[in-house]
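So the structure is just underneath, and the comments pick up after that.
Values in this text are rule-based calculations from the coordinates and carry no lab data. What you see is a predicted model; the values in this text were computed from it and never measured. Note: ideal-geometry Cβ built from the backbone for every residue, glycine included; neighbour counts use all protein chains shown.
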Amino acid sequence: MKIRHNFTFILKFSVLNRDKRSYEINGDEAWTWVAGEDVAWKSASVTFTCNGCDESTQGHFFTLGVSISSEITLAPTCEASGTKVYTASVEFEGKTYTNTKEETLPAIGHKTLEGWSYDQNSHWHGCEHEMCQSKLDEASHTLKTNWSSDDSKHWHECEVCDYKADLSDHV
């Protein structure tokens, strides 16, 4: 499963906390995402760093847990992959900060219906998925050389499906 990262927040936020220290989120490295076994991303956190400290004092910082939501923005089809977007958000001092990651959802593949569909030119199997209009195993009719008939009509029948060609009334 391929996962593409897409960070959609402004790279540097400054906020003022209760101690009157200015804290900021410094780009991508401020966000930490943890992958899950049954979901692409199970948790995330964000670290706010004090602007007034230098590296020699190791700085003041704190990490907040965030809430994660997800939304399928492009549903996968039988033949094409889709996209699920995970959004981490946290509120600090009245502002909401967000970060997103995208997961590529694999194509779901065809599920062939039993029985044949047909028109005057060919026959095929349909796909069980409603959104799919693919004609699977499509082939031209192969007509039997012997005539089939009932009480009023005769025809050539396809060897594969129930299509009746050259349908005519008895004379």
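Summary table below
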read-out: Ranked by how many other beta carbons lie within 10 Å on average, peptides 128-140, 153-165 from highest; value: 153-165, 128-140
read-out: For Lys42, residues with placed amide H under 5 Å, excluding near neighbours; value: Val34, Ala35, Gly36
read-out: Region 109-171 - convex hull of alpha carbons, volume per residue in Å³; value: 93 Å³
read-out: Per-residue HN-Hα couplings for region 123-136 [Karplus 6.51, -1.76, 1.60; θ = phi - 60°; Hz; x = Gly/Pro]; value: 10, 6, 9, x, 9, 5, 6, 3, 6, 8, 10, 5, 9, 8
read-out: Cα-based shape type of region 80-138, given that a ≥ b ≥ c are square roots of the gyration tensor eigenvalues and the cut on a/c is 1.5; value: prolate
read-out: Nonlocal amide H pairs with Ser81, under 5 Å, H built at 1.01 Å; value: Ala107
